[in-house]
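Peer 1: Below is a structure I'd like to ask you about.
Values in this text are rule-based calculations from the coordinates and carry no lab data. Because the structure is a prediction, the values reported are computed rather than measured. Using ideal geometry, Cβ is built from the backbone for each residue, glycine included, and neighbour counts are taken over all protein chains shown.
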Amino acid sequence: MEPLVATQPLTGFFWSWIVPVLLFVIAFGATWLLYKRFSKD
Amino acid sequence: MAHFTILDWFWTAAFLLLMVGGAFFFYRLARRSESDFFLAGRGLPWWLPASSVFSTHTATDTPMWITGVLYAHGLRGLWYSFFAAWTAIGAFVSARIFRRSLAYTQAEWQTLRFSGLGAELLRGWLAGWQVFMNMFILGWVGIAMGKVGQLAFDWPVWVGLVIPTLITALYTLAAGYWGVVMGDFLQGIVAVFAIVIVTVVAISAGGGPEGVTTRIIELGEGWRLDPFAFTGWFTGDFPAAWWLTMLVIAVIGGFGMGTSLDWYVEAQRIQSAKGLRDATYGLWAGGAVTLIRNGFWAASILAFFAMAPGIAEQADYELGWFRLGFELLPVGLAGVFFGAILAIHLSTISSHLNLGALYFTRDLYQRYMKPDATNTELVWMGRVATLVLLVGSFFYGMMMQEITRWLIFALWLMMAGIWLPNILQVTWWRFNAWGYLAAWMANLGVAWLVVWVLPAFGVLPELPDYLQFWLLMALGAAVFVPVTLLTKPEPMDHLVRYYVMTRPVGNWGPVHREAVRRGLIEDEVKRTGPRPFLRRDWTPEEADGWSREDWLVIVLSPVIFALLMIGVTKLLLLQPLGAAMVIAAVALTLFCYWLIDPKLRAVSGEYETRQAAYLDDLEVGVRTIGQEVDHG
């Protein structure tokens, strides 16, 4: 199969680290808030 | 296909651990009761069932088959995914009726709507069928995951079939439906992120919105940008008759229960909402987000087509979305992308493990084997049933290669000939258990004849599927309508109790009049002064009925869904009318909310005060099998 593009469009520290960390923090925070909200019933 | 580094595996593992650990923690809530283990205690605000409806409409093989139809058909391929639009009317009709019935499952609902031996036969049949179906679906998606692992990383197929399922079983066994719905919410966040970023990167890599569309037109494939690129009324790859049949099945199907295979999964989400209003908004928002997601996918696949237009084999081009993610995303983000693929898979597995266990526990074990089981016993039975489903799914997965063709046929059978009876059981008071049973049996026989036997003998030509649908419907009706009219209606006591509890839509006149005569409900509530054309202040008694406000929303809802799905793709590719379609959809949504919310609040608030008494009654009914319960 031919590669779709010659060079990868997104590179660098921002895309490899900052974006995944932000997503992880959002998902972790959501879990924590959900648990806090529903476990006090 | 994928070249992973340590950093990629780190992010895949981090998100996997978060999803499994986060969902597992809810085991403390799930162990309290049967209602907690299977319905999260019927206490969820609308956005949690909504994210779960989205997640259950996103299965492991969905990225492959959606990519397949979009690569083959262009924008008109989106209509193949429009079957999810049963949620447009379903949210305002069948979801409200089902939530009011308080049934855990569709099998249990059969005994509330019908009575006697016929109803018990239906309940046992549907429960057994659903236990089997959930095992089959688990095997199906397990093999799909096995193939993804093989294509991306050269793993043996069994790795993708077995390992993710065992990981999912950890939190599904411990936390039941609480774990499923929380896992779905988390997995929804990760999956939506992956779908949006791959779409943006793909369009940009294809030369931007104008670059993609210009390239497609240069290739002489401009028809791919037209969602209505019909090939004639009955001819070619995309006949208008297919499109009209699809619209009927999807849109009108919202009046019934079981008209889509997804109904059985979503019924659990509907029942887990904390009230009628939350059940309605949960199903509607989940369906809307699913179709918006399909719009994003379509834009990314059109970009993929512009970059790689000449792929002939379906097995190659349906990997288009996976290729976009693995080839265009940088180190690290590719790991998150695989985490999203795993998230989609985990949510599919957990949903079907818990749903199959629910049918086994509630409709087979508790109903027929141990009616007086305690909540502790029922939660443990739920866990045992989850394990049974797990083991059964591995067997299905291993023989999936040989049986696929037959099972796809069996699935098609289940849905085509039974579509109309599934609407009639909700909307026609006279339809009875024997009529519905006859419809199921006729369906099995007639479908066999129409699809296989008669064409083999040259009696019938081999019909395309959309014509088979209408023929199967007519032949089925020729059996179940006479059976219904030749047998007695359900006992009036049973019908009145069901009617007062659920207030169904459609032809229920005789039952309504009897309920009024008994003083259980008021007939047309009298008000002084003229009625405004669109009413927004309701008493609970008035809001129980169906009025022009409901019908206006029922008509507009599928229109909104179509505008959203097509509009999003056109907007992403900066096509004419894209922005206008999305703006129109948002405006119509706000209007529908303005119109129907006061009514839903009135009916929802009042119903919640009665729910506790109904629930006590329902539990007594479950625990005293074989004795008629005095419903007072």
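Peer 1: How many residues does the stretch B:81-133 hold that are without any contact (Cβ under 8 Å) to a residue 12 or more places away in the chain and of a type in the set (Val, Ile, Thr)?
Peer 2: Within the stretch B:81-133, residues that are without any contact (Cβ under 8 Å) to a residue 12 or more places away in the chain and of a type in the set (Val, Ile, Thr) number 0.
Peer 1: Got a number for residues in the stretch B:507-532 being in contact (Cβ under 8 Å) with a residue 24 or more places away in the chain and either in contact with a strand residue (DSSP E or B) (Cβ under 6 Å, 6 or more places away or on another chain) or hydroxyl-bearing (Ser, Thr, Tyr) (or both)?
Peer 2: Our first condition is that a residue be in contact (Cβ under 8 Å) with a residue 24 or more places away in the chain; within the stretch B:507-532, this holds for B:507-511, B:520.
Right, trim to either in contact with a strand residue (DSSP E or B) (Cβ under 6 Å, 6 or more places away or on another chain) or hydroxyl-bearing (Ser, Thr, Tyr) (or both) and you get B:507.
Result for the stretch B:507-532: 1.
Peer 1: Tell me which of these residue B:198 doesn't satisfy, since it passes every other one: (1) within 23 Å of residue B:286 (Cα to Cα); (2) away from chain A (no Cβ under 14 Å).
Peer 2: Going through (1) within 23 Å of residue B:286 (Cα to Cα); (2) away from chain A (no Cβ under 14 Å) one by one, residue B:198 breaks only (2).
Peer 1: Turning to a different aspect of this structure: Of these, B:291, B:261, which one is within 30 Å of residue B:106 (Cα to Cα) and not in a helix (DSSP H, G or I)? Before the answer, list the steps.
Peer 2: Numbers: B:291 fails: not in a helix (DSSP H, G or I).
None of the other options fit; the residue is B:261.
Peer 1: How many residues, within the stretch B:332-371, are assigned to a helix (DSSP H, G or I), within 14 Å of another protein chain (Cβ to nearest Cβ) and more than 22 Å from the chain's Cα centre (by Cα)?
Peer 2: Of the residues in the stretch B:332-371, the ones assigned to a helix (DSSP H, G or I) are B:333-369.
Checking which are within 14 Å of another protein chain (Cβ to nearest Cβ) leaves us with B:333-340, B:342-343, B:346-347.
This time we only want the ones that are more than 22 Å from the chain's Cα centre (by Cα), so: B:333-339.
So the count comes out to 7.
Peer 1: I would also like to ask the following. Among the residues of the stretch B:180-194, is there at least one that is more than 10 Å from chain A (Cβ to nearest Cβ), under 23 Å from the mean Cα position of the chain (by Cα), surrounded by fewer than 24 Cβ atoms within 10 Å (Cβ to Cβ) and of a type outside the set (Gly, Ala, Ser)?
Peer 2: yes
Peer 1: Taking residue B:157, is it touching a residue at least 60 places away in the same chain (Cβ under 8 Å) and buried (at least 18 other Cβ atoms within 10 Å of the Cβ)?
Peer 2: Values: touching a residue at least 60 places away in the same chain (Cβ under 8 Å): no; buried (at least 18 other Cβ atoms within 10 Å of the Cβ): yes.
So residue B:157 fails the test.
Peer 1: Next question. For the stretch B:138-163, give me the residue count where each residue is in a helix (DSSP H, G or I) and over 23 Å from the mean Cα position of the chain (by Cα). Explain how you work it out, then say what you get.
Peer 2: Applying the first criterion (in a helix (DSSP H, G or I)) to the stretch B:138-163 yields B:138-153, B:157-163.
Restricting the remaining residues to those that are over 23 Å from the mean Cα position of the chain (by Cα) gives B:146-153, B:157-163.
Count: 15.
Peer 1: Which residue is surrounded by the fewest Cβ atoms within 10 Å (Cβ to Cβ), if the candidates are limited to the stretch B:296-326 and must be without any contact (Cβ under 8 Å) to a residue 24 or more places away in the chain and facing chain A (nearest Cβ under 9 Å)? Steps first, please.
Peer 2: Taking the stretch B:296-326 and keeping what is without any contact (Cβ under 8 Å) to a residue 24 or more places away in the chain, we get B:308, B:310, B:312-313, B:315-316.
Then drop every residue that is not facing chain A (nearest Cβ under 9 Å), which leaves B:308, B:316.
Details: B:308: 19, B:316: 13.
Only one residue tops the list, namely B:316.
Peer 1: Select from the stretch A:1-28 the residues that are facing chain B (nearest Cβ under 8 Å), under 8 Å from the mean Cα position of the chain (by Cα) and among the hydrophobic types (A, V, I, L, M, F, W, C) and list them in ascending order.
Peer 2: A:19, A:23, A:24, A:26, A:27
Peer 1: Still on this structure, please answer the following. Just to be sure I understand the filter: pairs with C-beta atoms under 6 Å, separated by 6 or more residues or on different chains, first member in the stretch B:361-379 and charged (D, E, K, R), second member part of a helix (DSSP H, G or I) and surrounded by fewer than 18 Cβ atoms within 10 Å (Cβ to Cβ). Which pairs pass?
Peer 2: If the second residue must be part of a helix (DSSP H, G or I) and surrounded by fewer than 18 Cβ atoms within 10 Å (Cβ to Cβ), the pairs left are B:372/B:623.
Peer 1: If you check B:584, B:562, which single one turns out to be within 30 Å of residue B:207 (Cα to Cα), crowded, with 19+ Cβ neighbours inside 10 Å and in contact (Cβ under 8 Å) with a residue 12 or more places away in the chain?
Peer 2: On the way: B:584 fails: crowded, with 19+ Cβ neighbours inside 10 Å.
The match here is B:562.
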